[in-house]
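Here the structure comes first, spelled out in structure tokens, and everything after it is commentary.
The values are calculated or read from the model by the stated rules, or taken from the named source; none is laboratory data. Computed from a predicted structure; not experimentally measured. Please note: Cβ atoms are built from the backbone with ideal geometry, for glycine as well, and neighbour counts cover all protein chains shown.
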Protein chains: 2
Amino acid sequence: MLSYTETCEIPGITVAGANTDFIKFTPPADAEFLHYGYCKSIDIIPMTPDGKPTPALLTKASLESASIPQVIINAGSKISPKLPYFQTGITHGKNIAIEPAFEQSNVVQAIDYGRILGRTLASSTDCLIIGESVPGGTTTALAVLKSLGVDAHVSSSMPENPQSLKNEVVAKALARSDSKEPYDVIANAGDPMIPFVAGMLSTASKITNVILAGGTQMAAVLAIGKSLGYDQNKVALGTTSYVIDDKNANLLDIIKSISDIPVLSIDPKLNDSKFDGLRAYSKGFVKEGAGAGGSMISSILKTGISSKKLLELVDKEYTRITTSQ
Amino acid sequence: MLSYTETCEIPGITVAGANTDFIKFTPPADAEFLHYGYCKSIDIIPMTPDGKPTPALLTKASLESASIPQVIINAGSKISPKLPYFQTGITHGKNIAIEPAFEQSNVVQAIDYGRILGRTLASSTDCLIIGESVPGGTTTALAVLKSLGVDAHVSSSMPENPQSLKNEVVAKALARSDSKEPYDVIANAGDPMIPFVAGMLSTASKITNVILAGGTQMAAVLAIGKSLGYDQNKVALGTTSYVIDDKNANLLDIIKSISDIPVLSIDPKLNDSKFDGLRAYSKGFVKEGAGAGGSMISSILKTGISSKKLLELVDKEYTRITTSQ
């Protein structure tokens, strides 16, 4: 699920993408990397200048290890990926520090189309894993959760989580509206991913098992999804231990306050990686994204692969991308 | 699979769409009808002025009777459907009576993207049914088959098959090139559906069973697919008896000259329908399209439903659309 919020253009809010011009290419580049093993929209694989790769690397190694098929959904990405993808016609979100995210009609379409696609995709699998690539998405998730009255502190792709900057942005968004009505909340303070995946969740969970693969952003999906209705016996959240163990955040409390669903957590053991860029994950960088945690969990559930073996595959993938460029 | 060739704008070549301005809405309208039970891009359901409905009506009743999920692929439709669909970025084909259908680069992308999507969709089903909605598509199919040296006479959506008009168009296309090289043939005389579905066939048949749901147009796919390679033990063509029994066409001979795959045929028994508009199918109108024959066959194979019961569902659907408008 690719999406975009102009909120990510606020300097210092995300590590995804080296600079403002580049950030918008991160979602399509993640999708292309998952599909092809290289990117087409940009010349490189999303990575910080000092070698911390996109979490899509973990996703790719995991899905391939278990032969799990994947489709790409474009729900508001500024740039379309160069591969066959589900088109939804939904526009990207505005910077919530300055103005409402979008029109109510966009929210309605995102939920409606999410419902349709959730039904379609759920019909051909016994477990639907939903991940996202939305730069700046933890800030809109925080704004949505707070708008709904949830006491939330969220994780970040950076070890020095820019909490005060995020809270400042969220405060500006909340100052525009005090409605707790889900459609109002999303239109004012959300991003397109949240209503779209909430729509998917509502229909897919009536048909099959669903893993919301992510941290805070999927908590916001769950909060909105609650008002749309879903079968909570069929839903789990799956993420990395880096998010769960984040002392600056309170994901488990957030989830518990919304719904009684299981939270699955995996330790990717990246501190044992051969590479600095991957070991950085265990030091608080990146942590999660592109459905990485949920994909690793699904690979282990499907194939019984050990986390040590999975790390070997991740290291091998890192070697491939850093030597083939 | 939605696509478009400007060849359909030649007066008298197709019954799909009441007039030139309207024809381009037929593919998205078919897709919307399958999804929603009504159309969004136009106010009505595709139907001739005297009540002969789109074959998508048979497709819808069949897929629903067996709970077969479906996705829409836009490979060159002039108008995008108003629902979530696979976007491929492929442009529509030109009128082959006047100029080549498209650039070679478009052919390469259609085959490449078809290969990707074939792999993706095949991974989550034990049988992939591929249908199409391409107005004027039997003429481009005829041109492709003849360019490849196949002795072909094709069916039509009209009882007075405009054979001489079609042959005239095909002769103009063939006069531009005598290459039998598949990429050249498609670029000169094809439409985007043919290379795209041929690409899908090549990868999907290595993973799962594939039913090419259609008549002459799927024969052209098979002919192109042969040069890309596919597993012929996993492929069947499925169509209506109206196409097989068409004395002006020679589908079985065409298929036999290309590949030793089974041809499945169903008699939709529309001569027993309560409605003139549907009985017209058994008198040579429409005959097939939007994967109707293959969908009916798949419903029967999956659920064991009788063709009488299936006809009841088709009649019920016809009643619904003619009374709700």
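Hey, can you tell me all the residues within region A:149-163 that are at pLDDT 85 or above and either closer than 16 Å to A:Asn188 by Cα or surrounded by 20 or more Cβ atoms within 10 Å (Cβ to Cβ) (or both)? Once the filter is applied, which keeps residues that are at pLDDT 85 or above and either closer than 16 Å to A:Asn188 by Cα or surrounded by 20 or more Cβ atoms within 10 Å (Cβ to Cβ) (or both), region A:149-163 yields A:Gly149, A:Ala152. Condition first: within 14 Å of chain B (Cβ to nearest Cβ) and aliphatic (A, V, I, L, M). Can you find one or more residues in region A:83-97 that meet it? Yes; the residues of region A:83-97 include at least one that is within 14 Å of chain B (Cβ to nearest Cβ) and aliphatic (A, V, I, L, M). Among helices (runs of 4 or more DSSP H) entirely within region A:233-298, having at least 3 residues that are under 18 Å from A:Ile211 (Cα atoms) singles out A:241-244, A:251-258. Only residues that are of a type outside the set (Val, Ile, Thr) and crowded, with 24+ Cβ neighbours inside 10 Å were counted in region A:62-73, giving 1.
Considering each of A:Lys172, A:Lys166, A:Lys146 in turn, give the residue that is crowded, with 22+ Cβ neighbours inside 10 Å, of a type in the set (Lys, Arg) and not in a loop (DSSP other than H, G, I, E, B). Only one candidate passes the filter, namely A:Lys166.
Exactly one residue out of B:Ile73, B:Ile68 is within 13 Å of chain A (Cβ to nearest Cβ) and more than 29 Å from B:Lys309 (Cα to Cα): that is B:Ile73. Do we find that B:Gln109 is surrounded by fewer than 24 Cβ atoms within 10 Å (Cβ to Cβ) and either charged (D, E, K, R) or within 14 Å of another protein chain (Cβ to nearest Cβ) (or both) in this structure? Yes; evaluated as a whole, the condition is true for this residue.
Contact annotation: residue pairs with Cβ atoms under 7 Å, 6 or more positions apart or on different chains, pairing a residue in region B:124-153 that is closer than 13 Å to B:Val197 by Cβ with a partner that is assigned to a helix (DSSP H, G or I) and of a type in the set (Asp, Glu), are B:Ser133/B:Asp30. Restricting attention to helices (runs of 4 or more DSSP H) lying wholly within region A:1-107, give those where 3 or more residues are free of Cβ contacts under 8 Å to residues at least 60 places away in the same chain. In region A:1-107, A:20-23, A:26-36 are the helices (runs of 4 or more DSSP H) which contain 3 or more residues that are free of Cβ contacts under 8 Å to residues at least 60 places away in the same chain.
If B:Thr140 meets every condition in (1) more than 11 Å from every other protein chain (Cβ to nearest Cβ); (2) under 24 Å from B:Gly294 (Cα atoms); (3) surrounded by fewer than 18 Cβ atoms within 10 Å (Cβ to Cβ) apart from one, which number is that one? The failed condition is (3). In region B:265-276, the qualifying residues are those that are touching a residue at least 40 places away in the same chain (Cβ under 8 Å) and surrounded by fewer than 19 Cβ atoms within 10 Å (Cβ to Cβ), and the one that is nearest to B:Glu288 (Cα to Cα) is B:Asp267.
Across region A:47-70, the qualifying residues are those that are of a type in the set (Gly, Ala, Ser) and more than 15 Å from the chain's Cα centre (by Cα), and the one among them that is nearest to B:Thr125 (Cα to Cα) is A:Ser67. Against the criterion of being out of contact with any Gly (no Cβ under 7 Å at 6 or more places or on another chain), over 25 Å from A:Phe285 (Cβ atoms) and among the basic types (Lys, Arg), A:Lys247 does not qualify. Against the test of being buried (at least 22 other Cβ atoms within 10 Å of the Cβ), touching a Pro at 6+ places or on another chain (Cβ under 8 Å) and within 14 Å of another protein chain (Cβ to nearest Cβ), the options A:Leu2, A:Leu34 yield a single qualifying residue, A:Leu2.
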